[in-house]
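K.L.:
Dumping the structure here so I can ask a few things about it.
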Amino acid sequence: MDVIIYGSTDTGLRIYNAIKESMNVISFLDDDSSKWGKSIDGIRIQNPKSIQDMEYDEVYIGVLTYHMEVLKNLLEMGVQRNKINELYVNIPTFARIECLRNIRSIIDEELLTGNVAELGVFRGEFAREINMIFPDRTLYLFDTFEGFSEKDVSVEIEKNYTKQDKSGYFANTSEEYVMSLMAYPEKCVIKKGFFPDSTLGVEDTFCFVNIDADLYAPTIAGLNYFYPRMVVGGIILVHDFFSLTFHGVRDAVKEFCFAKKCTFMPIGDTLSVGIRKTE
Ligand SMILES: C[S@@+](CC[C@H](N)C(=O)[O-])C[C@H]1O[C@@H](n2cnc3c(N)ncnc32)[C@H](O)[C@@H]1O
């Protein structure tokens, strides 16, 4: 079977490693023009538009955060719906939501108090699930809503996690858009701005927090801020620990857990780990 993978970083590479023995991967597609013409294992990375000139059996969606945009783009380019394979993006998404439901049941069984938060909201895909699953808790939404800050990106470059200036990545969002997705908007508190500065004035405790800020500096700042404010038994999820692109998240979690003598565990969504406050 001849297949194309749309996405040539994290999820795309995971798909490639999972299917390369059983399928013939003929091309990677990527919206990032700086990658066009490069190759992975001898397979060319191309402009998504070139799909229109290709013969193939299936195209795998290989990006998580921009999954819906990629799907729309493929359909607009005339790719037949039954040739689009979303398995590898649906499984991690469902697994993370299922994990969140399980966390909620633990919180209920143990009668944990505290509110909930997300650091790194972007377009609110996961925040919407948190709001839905915790309708009785205040949900703090921390984001610049203007993408990565130069300050965090310069730490990333200094620490050799990347050579690319990714300032402003994920700027394509707004507080209004995120709020429009929420089932219980009255329970949401937008904390717009650079984290941790944006925590000023927040006096609260938490039973669940999702940290999904991609970079070393906000991840370690998030752990340092939230962990002491978690109720005992409260759970922090950190996305991108297993990322093949954002290497700083793993270091931040390991450094933090080593210093605080706490442990982390994979949650089965391919990318996140969970940390539970035990004392
Ligand atoms: C991958 S996106 C989050 C995806 C989101 N959780 C979802 O469900 O789709 C990462 C977000 O972290 C935010 N971010 C990174 N560093 C930050 C900081 N220091 N302060 C505030 N927001 C930050 C970015 O603006 C970006 O929107």
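K.L.:
Kindly indicate which of G78, G114 is among the small types (G, A, S), in the same structural domain as R250 (by TED's automatic domain parsing) and away from the ligand (no atom under 14 Å from the Cβ).
P.N.:
Details: G78 fails: in the same structural domain as R250 (by TED's automatic domain parsing).
It is G114.
Residue by residue, here is whether (1) polar (S, T, N, Q); (2) under 24 Å from P92 (Cβ atoms); (3) more than 11 Å from the ligand (Cβ to nearest atom) holds:
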position: T205; (1), (2), (3): yes, no, yes
position: Y216; (1), (2), (3): no, yes, no
position: G234; (1), (2), (3): no, yes, yes
position: H239; (1), (2), (3): no, yes, no
position: L244; (1), (2), (3): no, yes, yes
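K.L.:
Could you please find all residues in region 184-203 being among the aliphatic types (A, V, I, L, M), touching a strand residue (DSSP E or B) at 6+ places or on another chain (Cβ under 6 Å) and within 14 Å of the ligand (Cβ to nearest atom)? If you could, list the steps in order and put the result at the bottom.
P.N.:
At the first step, the residues of region 184-203 found to be among the aliphatic types (A, V, I, L, M) are 189-190, 200, 202.
Subset that is touching a strand residue (DSSP E or B) at 6+ places or on another chain (Cβ under 6 Å): 189-190.
Within region 184-203, just I190 meets the criteria.
K.L.:
Taking region 159-190 as the search range and keeping residues that are among the aliphatic types (A, V, I, L, M) and not in a loop (DSSP other than H, G, I, E, B), which one is surrounded by the fewest Cβ atoms within 10 Å (Cβ to Cβ)?
P.N.:
Kept after step one, since they are among the aliphatic types (A, V, I, L, M), are these residues of region 159-190: 171, 178-179, 181-183, 189-190.
Now narrow it down to the ones that are not in a loop (DSSP other than H, G, I, E, B): 178-179, 181, 189-190.
Numbers: V178: 24, M179: 15, L181: 16, V189: 13, I190: 18.
Restricting to residues being among the aliphatic types (A, V, I, L, M) and not in a loop (DSSP other than H, G, I, E, B), the top hit is V189.
K.L.:
Could you list, ordered by first residue, the pairs with Cβ atoms under 9 Å in which the first is in region 136-155 and within 15 Å of F122 (Cβ to Cβ) and the second is among the acidic types (D, E) and part of a helix (DSSP H, G or I), at least 6 apart or interchain?
P.N.:
Close Cβ pairs (under 9 Å, with a partner that is among the acidic types (D, E) and part of a helix (DSSP H, G or I)) amount to L141/E175; D143/E175; F145/E175; F148/E156.
K.L.:
Here's a follow-up. Restricting attention to region 1-21, and to residues there that are over 11 Å from T270 (Cβ atoms) and hydroxyl-bearing (S, T, Y), which single residue is surrounded by the most Cβ atoms within 10 Å (Cβ to Cβ)? Can you show your working first?
P.N.:
Residues of region 1-21 that are over 11 Å from T270 (Cβ atoms), as a first pass: 1-9, 12-13, 16-17, 19-21.
When the remaining residues are screened for being hydroxyl-bearing (S, T, Y), the result is 6, 8-9, 16.
Working: Y6: 28, S8: 26, T9: 19, Y16: 21.
Residue satisfying both the conditions and the ranking: Y6.
K.L.:
Which members of region 161-183 meet the condition of being more than 10 Å from the ligand (Cβ to nearest atom), over 13 Å from A217 (Cβ atoms) and at pLDDT below 95?
P.N.:
Matches in region 161-183: K163, Q164, D165.
K.L.:
Which of the residues belonging to region 191-213 are of a type in the set (D, E, K, R) and either closer than 16 Å to N224 by Cβ or surrounded by 13 or more Cβ atoms within 10 Å (Cβ to Cβ) (or both)? I'd like the intermediate steps shown before the answer.
P.N.:
Step one: list which residues in region 191-213 are of a type in the set (D, E, K, R), which gives 191-192, 197, 203-204, 212.
Correct list: K191, K192, D197, D204, D212.
K.L.:
Could you go through region 148-158 and let me know if any residue there is more than 13 Å from the ligand (Cβ to nearest atom), in a helix (DSSP H, G or I) and surrounded by 13 or more Cβ atoms within 10 Å (Cβ to Cβ).
P.N.:
yes
The values are calculated or read from the model by the stated rules, or taken from the named source; none is laboratory data. Only a predicted model underlies this, so the values are computations on that prediction, with no experimental measurement involved. No Cβ is skipped: glycine too gets one built from the backbone with ideal geometry, and neighbour counts run over all protein chains shown.
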